[in-house]
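Novice: The structure under discussion is supplied below as structure tokens; questions concerning it will follow.
The values are calculated or read from the model by the stated rules, or taken from the named source; none is laboratory data. Remember, predicted model here, so these are calculated numbers, not experimental data. Every residue, glycine among them, receives a Cβ derived from its backbone with ideal geometry; neighbour counts consider all protein chains shown. Side chains included, ligands, DNA and RNA excluded: accessible areas come from the protein's heavy atoms. Shrake-Rupley method; radii C 1.70, N 1.55, O 1.52, S 1.80 Å.
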Amino acid sequence: MPKGRAAFLTATMIAVAASAAPGALAQEPALRLQEVQVTAPAATFDGTADAASQGEYPGRRFEVRPLLRTGEMIEVIPGVIATQHSGGGKANQYFARGFNLDHGTDFRFTLDGVQINFTTHAHGQGFTDLNFIIPELVERIDYRMGTYAAQDGDFAVAGAADFRLYRKLPADIAQVGAGSDGYYRTLLAGSPQVGPDSRSLLYGIEYYHDDGPWVSPDGFRRINAIVGVADGTRDEGWSGTAMFYTGQWHASDQIPARAVSDGRLCRFCTVDDTTGGRTRRYSVAGNWARTGASTVTRANAYALGYQLDLWSNFTYFLEDPAHGDQFEQRDRRTTYGGQVSHLMLGSLGGREMQNEVGVQVRYDDIDEVGLFKTVRRARLSTVRRDTVRIPSGGLYWENRVPWTSWLHSVAGLRYDRVGAEVRSDNPVNSGRVHDGIWSPKFSMVFGPWKNTELYVNYGQGFHSNDVRGGTISMDPATGEPAARVPLLVKARGSEVGARTKVLDNVESTLSLWQLALGSELVYIGDAGTTEPSYGSRRHGVEWATTWFPMPWLSLTANLAWSHAEFRDNPAGTQIPGAIARSAYLEAAVDGYAGWFGSVNLRYFGRRPLTEDGTVVSSPATLLNGRVGYRISKQVRAWLDVFNLLGREVNDIEYFYISRLIGEPASGVADRHFHPAEPRRFRIAMQLEY
């Protein structure tokens with residue numbers, strides 16, 4: 001038997017044996033979701049959180065918070081930033097814990113347990129587009145930072161976030177909105193009862209349009225639709241959901257600073273006005289759960305189809321002075337997957353013990369993942385074109401023991417295995433490859449003492465690399481020999497933290513963490529090849545506090561600091577794009593004489609742009625606000641203002657070589673930036689019935 005399969009079966013037997021320990025409790029178990037609310041006063045301190053950096057954000061809080069883009073929902077997680085360097089329909093760029101996460105690498109995103117990150121994606125490993133989510137249908141966001149949860153597999157290095165949709169909305173809603181620069185949005189959603197009292201339908205349809213402030217309008221148009229049915233609860237019931245999303249846009253890609261300084265371009269101009277994209281996503285998913293006297297069994301299954309055509313041009317006329325450097329990235333895939341978990345109560349030496357064992361499987365059937373040279377979206381040549389099949393699976397076991405009234409432990413172990421078959425247009429880059437990895441986890445929770453808990457966490461995790469990097473022999477762009485890279489890269493993380501609610505109306509968390517990554521190996525979607533890099537180290541501090549001086553008023557401060565560096569890199573220790581400092585400050589009103597809204601400040605700190613640290617980005621501070629009023633029991637209206645102070649700051653900055661017409665053939669090394677949008681206004685009205 002192959003070594004990897006034997007290890008997988010051994011882990012299965014160990015987990016099942018541990019979970020079936022004698023002395024199962026006959027009484028109703030105190031089974032709890034491993035989460036606490038960090039941004040609401042109903043948090044508890046009874047061992048239901050495993051780390052200070054773990055929490056839950058209730059979706060109804062988005063009613064008081066303005067969102068310029070859907071992806072900004074994840075900024076409710078302390079230390080996480082979502083920004084954009086292209087058109088609104090492209091996946092956001094994310095930052096957290098000293099990582100430039102690009103479009104999702106090293107942060108795991110799921111929707112009701114279904115992974116959103118795409119592996120071996122045309123534009124980059126872990127590509128995560130959140131535009132298919134309707135914010136009003138999100139009941140809560142569960143998040144876990146670090147590598148400490150056994151349930152989290154691929155990409156869960158900096159952390160993980162799970163968007164949980166409502167099974168039944170608090171009210172049916174009809175919403176219309178309009179605003180600056182061609183923005184308008186309509187939404188119709190509801191959840192009427194169908195059949196028995198426990199069963200309800202969920203539906204939603206959204207149309208969105210936004211041109212943005214760009215000289216060449218973004219023209220971002222999207223349609224979202226969802227229909228689902230649910231019966232019972234998340235712990236005792238079932239649900240089924242079908243979703244559809246389509247979007248298209250022109251790209252407002254980053255531009256060279258030198259051209260803005262000398263007047264060749266304005267801040268909201270673009271060099272190539274034919275870049276942009278179109279995408280489509282459709283899926284079906286089902287969830288089932290059953291709770292017994294001492295067990296909870298959960299299962300889900302899903303299938304989704306996905307398409308993307310993306311045209312970009314970041315170097316303009318550097319590689320091809322005659323036609324320009326525009327290229328197309330194309331992705332066509334179908335993904336199937338599911339998971340089953342079984343939680344059981346038992347005993348160990350007379351103490352209660354909780355064991356959970358789970359299996360997660362996924363199959364990516366990628367009919368086409370390609371890179372093409374283009375001019376004005378017309379193809380000139382093929383750089384590479386592949387068909388890829390990726391079966392993957394993970395098995396995990398987690399054990400919880402309350403040793404005393406003030407101490408409990410969480411131990412976990414998971415094994416993941418990935419295989420792949422690559423059929424490339426160049427046979428030398430075809431082949432089969434596989435890899436497996438073990439990830440132990442361990443946490444200790446101390447307390448509560450006076451509504452205070454202390455945490456010690458350790459865990460190993462991993463991210464996968466683009467599987468084409470595991471079979472490559474020749475660089476498709478240059479024809480030079482190319483080195484193969486491992487499929488899976490290990491991460492080791494640890495954390496100490498505290499959570500306190502000594503005062504009834506104040507909750508605060510503090511986390512001190514560190515993380516080591518085996519290598520920064522990633523697939524470079526813009527070049528069509530995999531580039532190996534060096535190992536890295538990171539450490540930092542996160543502090544999050546929410547104060548409720550009045551039942552209707554909350555004041556929030558989320559502050560994060562981190563340091564990231566390469567190991568043994570002769571070019572320098574700095575990791576380009578690694579975020580060092582971020583802050584989110586908010587004052588929110590909800591329910592004061594019918595008024596609601598918030599003012600929030602987001603600080604996005606400096607990042608090194610080169611490995612030697614000689615070039616750094618500028619910091620960006622933005623102030624946004626919402627003011628709303630409940631006109632009647634059924635009608636609410638609000639005004640959103642983005643970039644209240646009208647600051648000229650940048651969403652993102654890079655440093656690389658590009659060439660404009662008339663410049664030297666070797667190009668010019670320069671900053672390239674995507675500006676933050678100027679002051680913008682949006683108004684909306686919502687009927688609840």
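Novice: Within the stretch 296-330, which chymotrypsin sites (Phe, Trp or Tyr not before Pro) sit in a loop by DSSP and count at most 12 neighbouring Cβ atoms inside 10 Å?
Specialist: none
Novice: Report the relative contact order of the chain, percent, no decimals, based on alpha-carbon pairs under 8 angstrom and at least 6 residues apart.
Specialist: That works out to 13 percent.
Novice: How much of the accessible area of the stretch 232-299, probe 1.4 Å, is carbon plus sulfur, in whole percent?
Specialist: Of all accessible area on the stretch 232-299, carbon and sulfur atoms account for 56 percent.
Novice: Name all residues of the stretch 469-492 having a backbone nitrogen under 17 Å from the label point set 7 Å from the Cα of SER381 along its Cα→Cβ direction, giving them as ranges.
Specialist: From the stretch 469-492, the list is 474-481.
Novice: What does the charge dipole of the stretch 597-654 about its Cα centre add up to, to the nearest 20 debye, if the Cβ of each Lys and Arg holds +1 and the Cβ of each Asp and Glu holds -1?
Specialist: Here the size comes out at about 640 debye.
Novice: Restricting things to alpha carbons, find the Rg to Rh ratio for the chain using the Kirkwood radius for Rh.
Specialist: On the way: Rg = 24.8 Å, Rh = 26.1 Å.
Here the Rg-to-Rh quotient is 0.95.
Novice: Please compute the per residue accessible area over the stretch 223-299 with all protein chains in place, 1.4 Å probe, rounded to a whole number of Å².
Specialist: 41 Å²
Novice: Moving on. How large is the accessible surface per residue of the stretch 642-688, computed with a 1.4 Å probe and reported in Å² as a whole number?
Specialist: Accessible surface, normalised per residue, equals 47 Å².
Novice: Below 12 angstrom from the Cβ of GLY237, what's the summed charge of the other residues (Lys, Arg +1; Asp, Glu -1)?
Specialist: +3
Novice: Also, quick follow-up: For the stretch 409-484, which chymotrypsin sites (Phe, Trp or Tyr not before Pro) pass both filters: DSSP loop (anything but H, G, I, E, B) and at most 12 other C-beta atoms within 10 Å?
Specialist: Details: sites: TYR415, TRP438, PHE442, PHE446, TRP449, TYR455, TYR458, PHE462; in loops: TRP449.
Sparse-neighbourhood loop chymotrypsin sites (Phe, Trp or Tyr not before Pro): TRP449.
Novice: Still on this structure: Might you tell me the accessible area per residue for the stretch 326-380, computed with a 1.4 Å probe and given in Å²?
Specialist: On the way: 2220 Å² over 55 residues.
Per residue, the stretch 326-380 has an accessible area of 40 Å².
Novice: Run the simple label-point estimate for TYR689 and GLU480 please: 7 Å along Cα→C-beta, distance reported in nm.
Specialist: Result for the modelled spin labels: 6.5 nm.
Novice: With every atom except the alpha carbons ignored, what do you get for Rg and Dmax of the stretch 356-403, in angstroms?
Specialist: 20.9, 67
Novice: Now a separate question. Which one, ALA242, ALA259, PRO440, is farthest towards the positive end of the dipole of the chain when Lys and Arg carry +1 and Asp and Glu -1 on their Cβ?
Specialist: Farthest along the dipole direction, towards plus: ALA242.
Novice: Sticking with this one: Under 5 Å between amide hydrogens, which residues at least 5 positions from ASP475 or on another chain qualify, with H placed 1.01 Å from N in the peptide plane?
Specialist: Under 5 Å from the amide H of ASP475 lie the amide H atoms of GLU480, ALA482, each far enough along the sequence or on another chain.
Novice: DSSP loop (so not H, G, I, E, B), at most 16 other Cβ within 10 Å: list which chymotrypsin sites (Phe, Trp or Tyr not before Pro) in the stretch 546-641 pass both filters.
Specialist: Answer in residue order: TRP552.
Novice: Okay, moving on. Just to be sure I understand the model, the point goes 7 Å from the Cα along the line to the Cβ. What's the resulting ASP197 to PHE268 distance in nm?
Specialist: Using points 7 Å along Cα→Cβ, the separation is 5.5 nm.
Novice: Report, to the nearest whole %, how much of the accessible area of the stretch 600-689 belongs to carbon and sulfur atoms, 1.4 Å probe, protein only.
Specialist: 61 percent
Novice: So what does log10 I(q)/I(0) come out to for the stretch 533-663 at q = 0.12, 0.21 Å⁻¹, using the Debye formula with one equal point on every Cα and no solvent?
Specialist: -0.67, -1.20
Novice: Okay, next question. Rg/Rh for the stretch 441-519: what does it come to with C-alpha atoms and Rh from Kirkwood?
Specialist: We get a ratio of 1.32 for the stretch 441-519.
Novice: Using only alpha carbon positions, build the gyration tensor of the stretch 53-142, then give the equivalent ellipsoid semi-axes as the square roots of 5 times its eigenvalues, largest first, whole angstrom.
Specialist: Semi-axis lengths for the stretch 53-142 are 20, 14, 14 Å.
Novice: Would you work out the charge dipole size for the chain about its Cα centre, treating the Cβ of every Lys and Arg as +1 and the Cβ of every Asp and Glu as -1, and quote it to the nearest 20 debye?
Specialist: Dipole about the Cα centre, nearest 20: 580 debye.
Novice: ³J(HN,Hα) across the stretch 562-575 via Karplus (A = 6.51, B = -1.76, C = 1.60, θ = phi - 60°), whole Hz, x for Gly/Pro?
Specialist: 8, 10, 10, 8, 6, 10, 6, 9, x, 7, x, 8, 7, 9
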